[in-house]
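Asker: Below is the structure I would like to discuss, written out as structure tokens.
The values are calculated or read from the model by the stated rules, or taken from the named source; none is laboratory data. Since we're looking at a predicted model, the values are computed, not measured. Don't worry about glycine lacking a Cβ; one is built from the backbone with ideal geometry, like all the others, and counts go over all protein chains shown. Protein only, heavy atoms only, side chains kept; ligands, DNA and RNA dropped before computing areas. Shrake-Rupley method; radii C 1.70, N 1.55, O 1.52, S 1.80 Å.
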Amino acid sequence: MVRKQTDLLMGYPSRREVLQGLAGFMIAMSLEGCAQSLFSSSAAVPVPTPRPRGSVLYTYRGHTGRVTTVAWSPNGKYIASGSLDQTVQVWSSNPGDHVHPSIYRGHTAGVQAVAWSPESNRVASGAIDKTLQVWDAFSREHVAIYRGHTDVVKTVAWSPDGQSIASGSADSTVRVWDVATGKQKYVYQGHKASVNSLVWSPDSQRIASGASDKTVQILDATTGNHRYTYRGHTDTVSSVSWSPDGKLIVSGSWDKTVQVWHAETGVIVYTYSGYNVQAAQVNPAKGVLPDLIFAVAWSHNGKRIAAVTQVYCGDICGVVLGWDAYTQHNFSFYVDQPVFAMAWSPDDTRLVTSIVVSTQGAPKGGAPQDGSFAQIAQA
């Protein structure tokens, strides 16, 4: 996913004209932020609420390589971030806590996916080293290592009941593991290309998997039997998310659409293919045309959907978009940086994203530091 995103950043018209007409929607995103690093000895300044959408609340700078994945603990207190620097780092979502990051170094290649246990005490991580590993989030004690995939582990998901972990891989398989025994329950081989995203249904009875074969497939989580294949997309499915009530699924694709559909039947509720598309085609300052969709996430309260896209991109950029989940109204913009992962806070007031900042060609003086960071912003 990252490789295609990087390649496609070149050759598009510049989107600076697009953003000029959207000043009312955009919030300036300063990577210097309001909050201090966990490594700082300075006292944190309390963050007043409410804040405007998109306001940066904290920037975490602990990684030395691109941050590929982020996940918010179910209890809301911590964030796990995985990186190409081969580490997973657990850090406080409240910068005022001054908690020193917990760093897990069990992988031998870049980390691609992380998932929290429902109890918020363990993390599962998948990596380019083809392994899925489970470990204590705070002691960093190794709990289990699952071997079976023959290619990169690209996605992991812990079941809501805490009993199982699902992993998807570039080897085109979905594997489900028993947390109590550490054994593989089954391997699902219904996809014909890389499995990029997994999500459990809220009742832990089904798993949805999105893949590069352009499909989303639903399987019975207990048996691994195929239940349904959704074929609404015309390119790689990069991300899937289940609605909290269990009735709908949202999927994002490189076909430049986000589609919301019924989990049982595949009947489309709506297709998001741009905000004010017709106006944008006539005048780029009046709307936004989407590009490849890289991530989608349904808020925990079911009210909003957030998505990461390049959005009519001619510069190195990535934008987080948000809208009302059922009405497709109240459209808003968030981060204007290269974005590679995203997660909602459990209370749906904030988003954590992984971003890349490059000041190459920018005017000197006051520019943010180059690098790969995780960033919390008001949602």
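Asker: How high is the FRET efficiency from Asp203 to Val282, r the C-beta distance, R0 45 Å, rounded to 0.05? Let's see the in-between values first.
Answerer: Details: r = 46 Å, r/R0 = 1.03.
After rounding to 0.05, the efficiency reads 0.45.
Asker: Could you pull out every one of the aspartates and glutamates with an alpha carbon less than 17 Å from that of Lys303, ignoring same-chain neighbours closer than 8 positions?
Answerer: In chain and number order, the partners are Asp245, Asp324, Asp347, Asp348.
Asker: Going by Cα centres, the stretch 70-104 and the stretch 204-225 are how many Å apart?
Answerer: 29
Asker: Just how much of Lys77 is accessible, in Å², when a 1.4 Å probe is used and the result is rounded to the nearest 10?
Answerer: Result for Lys77: roughly 120 Å² accessible.
Asker: Students often forget the sequence filter, so: which aspartates and glutamates lie under 19 Å Cα-Cα from Lys192 once same-chain residues fewer than 8 apart are removed?
Answerer: Asp151, Asp171, Asp213, Asp220, Asp235, Asp255
Asker: Tell me, what is the per residue accessible area of the stretch 148-272 in Å², probe radius 1.4 Å? Please report the intermediate quantities before stating the final value.
Answerer: Working: 4560 Å² over 125 residues.
Heavy-atom accessible area per residue stands at 36 Å².
Asker: Quick one: if you stick a label point 7 Å off each Cα along the C-beta vector at Gln163 and Ala144, how many nm between them?
Answerer: Calculated label separation equals 1.3 nm.
Asker: How many nm separate the modelled label positions at Asn330 and Lys192, each set 7 Å beyond the Cα in the direction of the Cβ?
Answerer: Taking the two extended label points, one gets 4.1 nm.
Asker: Mind listing the long-range amide H neighbours of Thr68? Cut-off is under 5 Å, sequence gap 5 or more, other chains count too, H placed in the peptide plane at 1.01 Å from N.
Answerer: Placed amide hydrogens put Gly82, Ser83, Leu84 under 5 Å from Thr68.
Asker: Could you give the length gained on full extension between Ile268 and Asp151, defined as 0.36 nm per residue of separation minus the Cα-Cα distance, in nm?
Answerer: Numbers: separation 117, 0.36 × 117 = 42.12 nm, distance 3.29 nm.
Full-extension gain reported as 38.8 nm.
Asker: Could the peptides 82-95, 224-237, 105-118 be put in order, highest first, of the mean number of other beta-carbon atoms found within 10 Å of their residues? Don't skip to the end; give the middle numbers.
Answerer: Details: 82-95: 22.2, 224-237: 17.1, 105-118: 20.6.
Ranked from most to least packed, the peptides come out as 82-95, 105-118, 224-237.
Asker: For every other residue with a beta carbon closer than 15 angstrom to the beta carbon of Val195, add +1 if it is Lys or Arg and -1 if Asp or Glu, then tell me the sum.
Answerer: Numbers: positive: Lys130, Lys154, Arg175, Lys192, Lys214; negative: Asp151, Asp171, Asp213.
For residues surrounding Val195, the net value is +2.
Asker: Rounded to the nearest 0.05, what FRET efficiency is calculated for Lys303 and Arg227 with R0 set to 35 Å and r the Cβ-Cβ distance?
Answerer: Numbers: r = 27 Å, r/R0 = 0.78.
Using R0 = 35 Å, I get an efficiency of 0.80.
Asker: How far apart, in nanometres, would the label points at Lys247 and Asn75 be if each is projected 7 angstrom from Cα along the Cα-to-Cβ direction?
Answerer: Between Lys247 and Asn75, the label points sit 3.4 nm apart.
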